[in-house]
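Below is one structure, written out as structure tokens; comments come after it.
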Amino acid sequence: MCGIAGFKTSHFPSLSHQDLINMGNAIAHRGPDAHGEYLDDHVGLSHRRLSILDLSEAGNQPMYSDDKQLVIVFNGEIYNFLDIKNDLKQRGIAFKTGTDTEVILHLYAIYGVDCVDKLNGMFAFAIWDCQQEELFIARDRAGKKPLYYLQHEGRFAFASEIKALLTLPDVPKDIRLDAVYDFFTYQYVPDPKSIFTHIHKLPAGYYMKVRGDEIEIHQYWDLTFSETPAKDEEKAKHELQELLQQCTKRRMISDVPLGAFLSGGVDSSGVVAMMTAQTEKPVKTCTVAFDDEQYNEAEFARIVAEQYQTEHHEFTVNQNVADRLEEIVEYFDEPFADPSLVPTFFVSELARSAVTVAVAGDGGDEVFAGYEKYSTDHLENKLRNKFPAWIRNTIFKHLATLLKDAKHPILRKAKSLFTSLSVSPAYGFFITNSQMSDAEWNKLASIDLQKALGDYHPSNVTTDVYAKATGSDHLSKILYTDIKTYMCGGILVKVDRMSMANSLEVRAPILDKEIMEFSANLDSALKFKCGEKKYLLKEAFKEKLPDEILYRKKMGFSVPLDTWLRHDIKAIAENYLITNATGLKEIFKPSVIHQYWKEHQNAQANHGAILWSMLMYEMWYQKYIGQQ
């Protein structure tokens, strides 16, 4: 796992080797073991290395082809690189290192851009072809590894994180207003946008070619939900078990210490069970605990740790939050408000004290339908099919209006249900995902901001992706939508930034392309069956995990936000939101921010979610914009 960056020299004629070093230094946490740079009349490349395979200097980057015509900087891991390497050896190709980086170089020399079709892993890499004078950049299928690029006034640069791009001279920091609206709606800025107008994300499953002043972007992979006949359940279960074992085994190849995240949920527990079957040594496991039992899953992690006799480590999040919050948030170059970023940072820090690589259960909920919202959406879709459109569009819409000011949780859920039923399935799913209602946005957002946004609405992000889904049923479409939006822009960003902040590599077997494609070809009834979420995955783990792990109510990786904002982080939040707010005053009405803060502190209402989002925005703003 590493950090990469670079620029077209012809676009930045005044830049030097030192500028490449500066870009690398900005993301040194991603690769503290070594650095290297390449600079010619056309391109500059920078690399920061976290040594995982072939720890010798031979594995350092940039790496060159034998004829020196190709130069690569690579971030990630290719899990099938040994198979590819053996195939290439049979073609007479000799290797100088034991790295997967060299495998990519040889593949590109033979197949060109089609090399990505043969790679199974998490990656973002750039290859400079000296002969063709073309820069080729690719990002993995799921979006586990980030890739940002600057395109402004004929200039082009790229990097693993925005902070590396901001080291370059005269990079504009214009805030993209529709991305601000997106952030407060989803808690993250969705691909391909970034918070900055002139900086973009290369979407997952895409590659780009930069030649001269021309930039081409192409999609090389998409997740297709087929309409093949339903598989026999027992056969499907055995196929999944074999895939899980294979994909976990691939992720245990490492020349450095390796362990696992263990939350006590189905996915991470199942992964630990699979890892235990692959090694005679105890697996090192890491868990984050909370003082508030409502959010604490540590006892369930201990059950699995005891069952598999792991070397278990536990960390309790309490007063450390206020002490470390500013440091943690700095690692996000754009606003990001999933509160589980805090425990993810601490479990990564804990893991890094013992290992360099951690295996995790990420992706199980999105790939196999594990969230509670899928149950809610399933009910909504059944009701949508039961009631004719004229009832849904009139009576249900009217009932939702009557409940618009409801305070009781049950009435608020009823309002949400009626609202969703009165609109299209795609828009209904947007409502399920949205963290902010239109009414709350209109109450908070300044008149100038609303005018500047015009007709833009964040629902476009959800409905546009939903429309591209190939599945014939609603569950397939919303799974595809979540994989392309929430998982890629939220979950995987959180894990990447917080693990890399601690120079830790995290691997996710369930997000192997073979498992994702297997699940997409499953009948939806095997993912959500008789009200049981993640049905087939649980069946696959049934012989390895006790019922109290498999069938307990899902807690999620949550934090006690309301309590934190009244106690643990009250002082720091008040400083950013009330006393010294700057960025928020440009977009929100200060009087409403003060009202929310006062009501929350007096326990008149729980505004924890929106106050946290505002805090994350303000902290980001003061770090990245306020210093201009």
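The values are calculated or read from the model by the stated rules, or taken from the named source; none is laboratory data. Since the model is a prediction, treat every value here as computed from it, not as a measurement. Here the Cβ positions follow ideal geometry from the backbone for every residue, glycine too, while neighbour counts run over all protein chains shown.
Among strands (runs of 3 or more DSSP E) lying entirely in region 96-214, which contain 1 or more residues that are more than 22 Å from His457 (Cα to Cα) and outside the structural domain of Asn442 (by TED's automatic domain parsing)? Give the derivation first.
Working: elements: 121-129, 134-139, 148-152, 155-159, 199-201, 206-211.
Hits in region 96-214: 121-129, 134-139, 148-152, 155-159, 206-211.
For region 94-114, give me the residue count where each residue is among the small types (Gly, Ala, Ser), modelled with pLDDT under 95 and within 32 Å of the chain's Cα centre (by Cα).
Pass one, region 94-114, residues among the small types (Gly, Ala, Ser): 94, 98, 109, 112.
Narrowing the set further to residues that are modelled with pLDDT under 95 leaves 94, 98.
If we keep only those that are within 32 Å of the chain's Cα centre (by Cα) as well, we get 98.
Selection size over region 94-114: 1.
With the condition kept exactly as written, say whether any residue in region 471-481 is surrounded by fewer than 22 Cβ atoms within 10 Å (Cβ to Cβ), in contact with a helix residue (DSSP H, G or I) (Cβ under 8 Å, 6 or more places away or on another chain), over 20 Å from Gly364 (Cα atoms) and among the small types (Gly, Ala, Ser).
Looking through region 471-481, none of the residues is surrounded by fewer than 22 Cβ atoms within 10 Å (Cβ to Cβ), in contact with a helix residue (DSSP H, G or I) (Cβ under 8 Å, 6 or more places away or on another chain), over 20 Å from Gly364 (Cα atoms) and among the small types (Gly, Ala, Ser).
Take the residues in region 57-73 that are closer than 18 Å to Asp255 by Cα and not polar (S, T, N, Q), then tell me which one is surrounded by the most Cβ atoms within 10 Å (Cβ to Cβ).
If we filter region 57-73 for residues that are closer than 18 Å to Asp255 by Cα, which is where we start, we get 57-61.
With the extra rule that they be not polar (S, T, N, Q), the set shrinks to 57-59.
Values: Glu57: 11, Ala58: 12, Gly59: 22.
Filtering first and then ranking leaves Gly59.
Taking Pro458 and the conditions (1) touching a strand residue (DSSP E or B) at 6+ places or on another chain (Cβ under 9 Å); (2) surrounded by 18 or more Cβ atoms within 10 Å (Cβ to Cβ), which numbered condition does it fall short on, given that it satisfies the others?
Unmet for Pro458, out of (1) touching a strand residue (DSSP E or B) at 6+ places or on another chain (Cβ under 9 Å); (2) surrounded by 18 or more Cβ atoms within 10 Å (Cβ to Cβ): (1).
Among the listed residues Thr462, Thr470, which satisfies the condition of being closer than 28 Å to Phe123 by Cβ, among the β-branched types (Val, Ile, Thr) and not in a helix (DSSP H, G or I)?
Answer to the check: Thr470.
Just for region 34-93: of the residues that are among the basic types (Lys, Arg) and on the phi < 0 side of the Ramachandran plot, which one is farthest from the chain's Cα centre (by Cα)? Let's see the steps before the verdict.
Filtering region 34-93 down to residues among the basic types (Lys, Arg) leaves 48-49, 68, 85, 89, 91.
Then keep just the ones that are on the phi < 0 side of the Ramachandran plot; that gives 48-49, 85, 89, 91.
On the way: Arg48: 21, Arg49: 21, Lys85: 29, Lys89: 35, Arg91: 37 Å.
The residue in question is Arg91.
Using the structure shown, decide if Thr344 is touching a residue at least 40 places away in the same chain (Cβ under 8 Å), within 23 Å of Pro560 (Cβ to Cβ) and touching a Lys or Arg at 6+ places or on another chain (Cβ under 7 Å). Can you show your working first?
On the way: touching a residue at least 40 places away in the same chain (Cβ under 8 Å): yes; within 23 Å of Pro560 (Cβ to Cβ): yes; touching a Lys or Arg at 6+ places or on another chain (Cβ under 7 Å): yes.
Here the answer is yes, as Thr344 does meet what is asked.
Across region 278-299, which residue is surrounded by the most Cβ atoms within 10 Å (Cβ to Cβ) among those that are modelled with pLDDT under 85 and part of a helix (DSSP H, G or I)?
Looking at residues that are modelled with pLDDT under 85 and part of a helix (DSSP H, G or I), I get Tyr295.
Testing Ser263 on (1) within 30 Å of Glu306 (Cα to Cα); (2) within 23 Å of the chain's Cα centre (by Cα); (3) assigned to a helix (DSSP H, G or I), one condition comes back false. Which one is that?
Only one criterion in (1) within 30 Å of Glu306 (Cα to Cα); (2) within 23 Å of the chain's Cα centre (by Cα); (3) assigned to a helix (DSSP H, G or I) is unmet by Ser263, namely (3).
When you look at Ile410, is it assigned to a helix (DSSP H, G or I), free of Cβ contacts under 8 Å to residues at least 12 places away in the same chain, outside the structural domain of Asp365 (by TED's automatic domain parsing) and of a type in the set (A, V, I, L, M), yes or no?
Details: assigned to a helix (DSSP H, G or I): yes; free of Cβ contacts under 8 Å to residues at least 12 places away in the same chain: yes; outside the structural domain of Asp365 (by TED's automatic domain parsing): yes; of a type in the set (A, V, I, L, M): yes.
In short, yes.
From Asp448, Asp438, grab the single residue that is of a type in the set (D, E, K, R) and either closer than 14 Å to Thr185 by Cα or in contact with a Leu (Cβ under 9 Å, 6 or more places away or on another chain) (or both). Show your work before the answer.
Details: Asp448 fails: either closer than 14 Å to Thr185 by Cα or in contact with a Leu (Cβ under 9 Å, 6 or more places away or on another chain) (or both).
Sole residue among the options that is of a type in the set (D, E, K, R) and either closer than 14 Å to Thr185 by Cα or in contact with a Leu (Cβ under 9 Å, 6 or more places away or on another chain) (or both): Asp438.
Would you confirm whether or not region 185-202 contains a residue that is in contact (Cβ under 8 Å) with a residue 12 or more places away in the chain and more than 20 Å from the chain's Cα centre (by Cα)? Spell out how you get there, then give the answer.
We begin by selecting, within region 185-202, every residue in contact (Cβ under 8 Å) with a residue 12 or more places away in the chain; these are 185-191, 193-202.
If we keep only those that are more than 20 Å from the chain's Cα centre (by Cα) too, we end up with 197-198.
Yes, because at least one residue in region 185-202 is in contact (Cβ under 8 Å) with a residue 12 or more places away in the chain and more than 20 Å from the chain's Cα centre (by Cα).
Out of all the residues in region 526-534, is one or more outside the structural domain of His378 (by TED's automatic domain parsing), in a helix (DSSP H, G or I) and either within 30 Å of Lys484 (Cα to Cα) or over 24 Å from the mean Cα position of the chain (by Cα) (or both)? I'd like the intermediate steps shown before the answer.
Keep residues of region 526-534 that are outside the structural domain of His378 (by TED's automatic domain parsing), which gives 526-534.
Narrowing further to those that are in a helix (DSSP H, G or I): 526.
So of that shortlist, the ones also either within 30 Å of Lys484 (Cα to Cα) or over 24 Å from the mean Cα position of the chain (by Cα) (or both) come out as 526.
Yes, some residue in region 526-534 is outside the structural domain of His378 (by TED's automatic domain parsing), in a helix (DSSP H, G or I) and either within 30 Å of Lys484 (Cα to Cα) or over 24 Å from the mean Cα position of the chain (by Cα) (or both).
Go through region 413-443 and count every residue that is part of a loop (DSSP other than H, G, I, E, B) and polar (S, T, N, Q). Please lay out each step first, then the result.
We begin by selecting, within region 413-443, every residue part of a loop (DSSP other than H, G, I, E, B); these are 422-424, 434-437.
Within this subset, residues satisfying the condition of being polar (S, T, N, Q) are 422, 424, 434-435, 437.
Number of matching residues: 5.
Which of the residues belonging to region 354-407 are of a type in the set (D, E, K, R) and part of a loop (DSSP other than H, G, I, E, B)?
So the first thing to find is which residues in region 354-407 are of a type in the set (D, E, K, R), and the list is 362, 365-366, 372-373, 377, 380, 382, 384, 386, 392, 397, 404-405, 407.
The answer is Asp362, Lys404, Asp405, Lys407.
How do the pairs read when you match residues in region 243-263 that are among the aromatic types (Phe, Trp, Tyr) with residues anywhere that are crowded, with 18+ Cβ neighbours inside 10 Å, using Cβ under 7 Å and keeping only pairs 6 or more apart or on different chains?
Matching pairs, first to second residue: Phe261/Ser268; Phe261/Cys286; Phe261/Val347; Phe261/Ala351; Phe261/Ala358; Phe261/Ala360.
Here's a check for you: in region 413-427, which residue that is in contact (Cβ under 8 Å) with a residue 24 or more places away in the chain and more than 10 Å from Phe396 (Cα to Cα) is surrounded by the fewest Cβ atoms within 10 Å (Cβ to Cβ)?
First pass over region 413-427, keeping only residues in contact (Cβ under 8 Å) with a residue 24 or more places away in the chain: 417, 420-422, 424-427.
Narrowing further to those that are more than 10 Å from Phe396 (Cα to Cα): 424-427.
Values: Ser424: 12, Pro425: 19, Ala426: 19, Tyr427: 17.
Per the stated criteria, the residue is Ser424.
Identify the residue in region 151-193 that is in contact with a Leu (Cβ under 7 Å, 6 or more places away or on another chain) and closer than 15 Å to Pro335 by Cβ and, among all such residues, is surrounded by the most Cβ atoms within 10 Å (Cβ to Cβ).
Checking each candidate, the answer is Tyr181.
With within 30 Å of Gln622 (Cβ to Cβ) and assigned to a strand (DSSP E or B) as the only criterion, which of Phe346, Phe315 stands out?
Criteria check complete, one pass: Phe315.
Only residues that are under 27 Å from Arg176 (Cβ atoms), in contact (Cβ under 8 Å) with a residue 24 or more places away in the chain and either hydrophobic (A, V, I, L, M, F, W, C) or assigned by TED's automatic domain parsing to the domain that holds Asp182 (or both): list them for region 458-479, please.
Of everything in region 458-479, those that are under 27 Å from Arg176 (Cβ atoms), in contact (Cβ under 8 Å) with a residue 24 or more places away in the chain and either hydrophobic (A, V, I, L, M, F, W, C) or assigned by TED's automatic domain parsing to the domain that holds Asp182 (or both) turn out to be Val461, Ala467, Ala469, Ile478.
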